[in-house]
Amino acid sequence: MFIIGELINGMYKDIGQAIKEKNKAIIQKCALDQIKAGADALDVNCGPASRQPVSDIQWLVQAIQEVTDKPLALDSSKPQVIESGLQVIKNKAIINSTTADPEKLGVLVPLAKIYNAKLIGLTISTKGIPQNKDQRLELAVTIVASCSEQGFPVEDLYLDPIVLPVNVAQAQMKDILETIYEFKVISEPSPKSIVGLSNVSQGTCVRSLVNRTFLTMAIVSGLDAAILDPTDKDLLDAAITAELILNKQIYCDSYLEAYRRK
Ligand code: THG
């Protein structure tokens, strides 16, 4: 599974403060800690408190690129913030994210093509977050069709069903897991799937357990990628073990260490 570290997000107090004070060392340590723990890429989000996200994202990207060449996921709901990040990116880019809104697809799909970036598509529209599987799949089809029409390779598209906290949307969890499975049959070649994992446990008191149980179940549903906290060792151990049981990793007694040495 492709792991995107979620910790460089202005929503976290220390990161929000570091962005405000332009403290590169804190950001760079956070980047390296996540990579050491097993992240394949890093999410970069200025957070809700940033007053100048267009320049903050450039500062973040440049600070991170001084210490790693791992791919960066530019995380913003504002296309102009994503474009600003793309302008200074040297590493591989992931656009996080477009919605199924035609206006956004018309701006972000061409940008993904120009910058040779991967693209995350949220199954959300101007009408909001869907309430069931059929609505999610309908929006997924809209996103896939727009990518095909605009000549963007569907294999580079990661569909996100939008994971909601289990304590507010318990009745939707099964639908979300089934949606991940059904993304695969939308087109040939298939789009990939991704989730923002920590959403599922927001407001619960056993966050780590809720995260790793949901992740394990999503992996069975065919999940390709996740934005998560890679420093949660139990979480990564569960993901590696789930892939072992699904015959996606070769078994040996020391398979956890073997995976991490890769
Ligand atoms: N899909 C996509 N991108 C996303 C999300 C998604 N990006 C943002 C988010 N969701 C994924 N990242 C996080 C990061 C942190 C938390 C949840 C998701 C989190 N933070 C603590 C909280 O809210 O309780 C903050 C704790 C603190 O303030 O210290 O849970 O779904 N494509």
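The values are calculated or read from the model by the stated rules, or taken from the named source; none is laboratory data. This is a predicted model, so every value here is computed, not measured. In this analysis, Cβ positions are derived from the backbone assuming ideal geometry, glycine residues included, and neighbour counts consider all displayed protein chains.
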Flag if THR231 is more than 12 Å from the ligand (Cβ to nearest atom) and not in a helix (DSSP H, G or I)
yes
I'm checking my understanding of the structure. Among residues of region 21-41 that are in contact (Cβ under 8 Å) with a residue 12 or more places away in the chain and over 29 Å from ALA238 (Cβ atoms), which one is surrounded by the fewest Cβ atoms within 10 Å (Cβ to Cβ)?
LYS22
Does LYS104 count as basic (Lys, Arg) and either closer than 22 Å to ASP40 by Cα or within 16 Å of the ligand (Cβ to nearest atom) (or both)?
yes
Take the residues in region 168-205 that are hydroxyl-bearing (Ser, Thr, Tyr) and away from the ligand (no atom under 13 Å from the Cβ); name whichever of them is farthest from ILE4 (Cα to Cα).
SER187
ALA39: passes all of (1) under 30 Å from SER146 (Cβ atoms); (2) in contact with a Leu (Cβ under 8 Å, 6 or more places away or on another chain); (3) among the aliphatic types (A, V, I, L, M) but (2)
Residues ALA226, ALA239: which one is within 11 Å of the ligand (Cβ to nearest atom), small (Gly, Ala, Ser), buried (at least 20 other Cβ atoms within 10 Å of the Cβ) and touching a residue at least 24 places away in the same chain (Cβ under 8 Å)?
ALA226
Checking PRO48 against (1) surrounded by fewer than 18 Cβ atoms within 10 Å (Cβ to Cβ); (2) over 15 Å from the mean Cα position of the chain (by Cα); (3) modelled with pLDDT of 95 or more, only one condition comes out false. Which one?
(3)
Restricting to region 65-80, and then to whatever is closer than 20 Å to LEU119 by Cβ and of a type in the set (A, V, I, L, M, F, W, C), can you tell me which residue is farthest from the ligand (Cβ to nearest atom)?
LEU72
For ALA18, indicate whether it is surrounded by fewer than 23 Cβ atoms within 10 Å (Cβ to Cβ), within 14 Å of the ligand (Cβ to nearest atom) and at pLDDT below 95.
no
